[in-house]
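A quick write-up on the structure given underneath.
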Amino acid sequence: MKIKLIRTGGFIPITKMAEVEVNFTDKELVRLIEVIKPDPSAQRIKDGNYYQLNVGTSSTPVDLEKVPEEYNELFSKLKNSMKIVK
Amino acid sequence: MYKNHLNPIHCIIPPYMLSKLIESGNKKVADMAVNSKFRSYRFLSDRNFFRAASFYEKTILGAVPKKPAKSTMQMEVYDCRQTTDLTNATLLWDTKNKQRFNSIAGKNVIKGGKASWDFYRDLFGRNSIDNNGLLIKQYVHYDKGMDNAYWDGRRMVYGDGDGVVFTSFTSDIDVIGHELTHGVTENEANLDYENQTGALNESFSDIFGIMIKQRYNNQDVKKSNWLIGEKVLIGINYALRSLKAPGTGYRNHPELGDDPQPAIMDNYQDMPNTESGDWGGVHINSGIPNFAFYVSAFNIGGYSWEKTGRIWYAVLTDSNLAHDAKFVDVKNMTIQHAERLFGINSLEVKAVKQGWLEAKV
Ligand SMILES: [Zn+2]
């Protein structure tokens, strides 16, 4: 399956995006999304960036600080390859 | 001996002793004692009043010293070493030790942080972000090529930029002043970060950011180009925003396209109050109050911080500024404060009214 990482927000609001093909099982994906779910009570960061993960047509906000170690490399690569969506 | 002791300037005699002196039978002593008692009661009630008064009330009464003797800047600068780990960032510099280091970003934030701190202290007697000497914490080299700067509620964080579209977000003093002002706003009206109110929150940061830069560079309203982030966004014709002409910070940029900011209320952008909707376009619609400030400042003339800045600071620190204020509330309050500070029929009041009129608020 293809996963898409999208970044929004910031000092000037721009959208950046990167995608990669992964071989997650559906169960693994659900578990990962559960783990990296942002804290809903978190304060709005002034000029902060926000990330979301898109799989197919569904989209979910994610907190990259919560990414488990075994996924660090994948998410680092994704993040570093993000391009501005024109 | 009596003379010195009864002079309220030299000492305050306890009321019970004064009462005894008044009843002493010596008219001269009684006269002085009554006067002393009267003055000390007035002094005590003044002191009680000022103890209970808000910072804003003290400002109105001119009771806030411009340079409080004890306020000295406290700052720490940390190096995140291209990680997102703020907890384990390395201390580069602090005001106590003034360590030597090589990071240009680190040097930029010391310069910008000090310019911002001085601005608030020298002009408004404000002692740091919280007006209570808060330690200013700044984090540089955050993440790999991060093209952003933010205030997280406690500290300012800056990325190095991707090196292609953006350079370090520490490159412009106005961006540093913008972030520090988010802290000031949070400690004052704590404006909600959504829709019109969020756009006002952003606008206060841009307005104080540009004034901090203008003061640092000694630029009056005519000399300033009124651009925010002119170095941060790479390319001679580009800046992140323009207060003079919102929507022209960048045009036909190969990556970013056109600056989306409106300058007038007719072009207000209704956007979703979500992360991807910029919380209702807080960085977009801030162009409208930004433009009202620019027109006001330009018409008042001189250095923006001297008169126009005073008006906007009085609003920002006014306890009547609600956490969910709208553009029209800030419009009305800037007019009220201009009237109070400069007179109902003053040029300054006319300039502020004209500013909001041109922004069509
Ligand atoms: Zn901001």
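Note down all Cβ pairs under 9 Å where the first residue falls in the stretch A:37-62 and is touching a residue at least 40 places away in the same chain (Cβ under 8 Å) and within 7 Å of another protein chain (Cβ to nearest Cβ), the second is part of a loop (DSSP other than H, G, I, E, B) and among the β-branched types (Val, Ile, Thr), and they're at least six residues apart or on different chains.
So the pair list comes out as A:50/B:274.
Pick from A:34, A:73, A:65, A:19: which is in a helix (DSSP H, G or I) and more than 14 Å from every other protein chain (Cβ to nearest Cβ)?
A:34
Is it the case that some residue within the stretch B:100-120 is at positive phi and in contact with a Lys or Arg (Cβ under 8 Å, 6 or more places away or on another chain)?
No.
When you scan the stretch A:45-62, how many residues do you find that are at pLDDT below 95 and part of a loop (DSSP other than H, G, I, E, B)?
Qualifying residue count, the stretch A:45-62: 2.
For the stretch B:270-283, check the following and say yes or no: at least one residue is under 20 Å from residue A:44 (Cα atoms) and of a type in the set (Ser, Thr, Tyr).
yes
Please identify the pairs in which a residue from the stretch A:15-34 that is closer than 25 Å to residue A:84 by Cβ has its Cβ atom under 6 Å from the Cβ atom of a residue that is exposed (fewer than 13 other Cβ atoms within 10 Å of the Cβ), counting only partners at least 6 apart or on another chain.
A:15/A:85; A:17/A:85; A:19/A:2; A:21/A:2
For the stretch B:178-205, give me each residue that is among the aromatic types (Phe, Trp, Tyr) and more than 10 Å from chain A (Cβ to nearest Cβ).
B:204, the sole residue that qualifies.
Return the pairs, sorted by first residue and then second, in which the second residue is buried (at least 24 other Cβ atoms within 10 Å of the Cβ) and basic (Lys, Arg), the first residue lies in the stretch B:187-216 and is in contact (Cβ under 8 Å) with a residue 12 or more places away in the chain, the beta carbons are less than 8 Å apart, and the residues are 6+ apart or on different chains.
Between residues of the stretch B:187-216 that are in contact (Cβ under 8 Å) with a residue 12 or more places away in the chain and residues that are buried (at least 24 other Cβ atoms within 10 Å of the Cβ) and basic (Lys, Arg), the close pairs are B:193/A:46; B:201/A:46; B:205/A:46; B:206/B:241.
May I ask you to list the residues in the stretch B:140-156 that are open to solvent by less than 10 Å² (accessible area, probe 1.4 Å) and either more than 9 Å from every other protein chain (Cβ to nearest Cβ) or of a type in the set (S, T, N, Q) (or both)?
Residues satisfying the conditions are B:140, B:148, B:156.
Here's the yes/no breakdown for (1) open to solvent by 30 Å² or more (accessible area, probe 1.4 Å); (2) among the aliphatic types (A, V, I, L, M):
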{"site": "A:3", "(1), (2)": "no, yes"}
{"site": "A:10", "(1), (2)": "no, no"}
{"site": "A:13", "(1), (2)": "yes, no"}
{"site": "A:18", "(1), (2)": "no, yes"}
{"site": "A:29", "(1), (2)": "no, yes"}
{"site": "A:37", "(1), (2)": "yes, no"}
{"site": "A:46", "(1), (2)": "no, no"}
{"site": "A:49", "(1), (2)": "yes, no"}
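List the number of the failed condition for residue B:293; all other conditions in (1) within 16 Å of the ligand (Cβ to nearest atom); (2) within 14 Å of another protein chain (Cβ to nearest Cβ); (3) not aliphatic (A, V, I, L, M) hold.
Only one criterion in (1) within 16 Å of the ligand (Cβ to nearest atom); (2) within 14 Å of another protein chain (Cβ to nearest Cβ); (3) not aliphatic (A, V, I, L, M) is unmet by residue B:293, namely (2).
The values are calculated or read from the model by the stated rules, or taken from the named source; none is laboratory data. Just so it is clear, the model here is predicted, and its values are computed rather than measured. A quick note on method: Cβ atoms are made from the backbone with ideal geometry, for glycine too, and the neighbour counts reach across all protein chains shown. Only protein heavy atoms, including side chains, enter the accessible area calculation; ligands, DNA and RNA are left aside. Shrake-Rupley method; radii C 1.70, N 1.55, O 1.52, S 1.80 Å.
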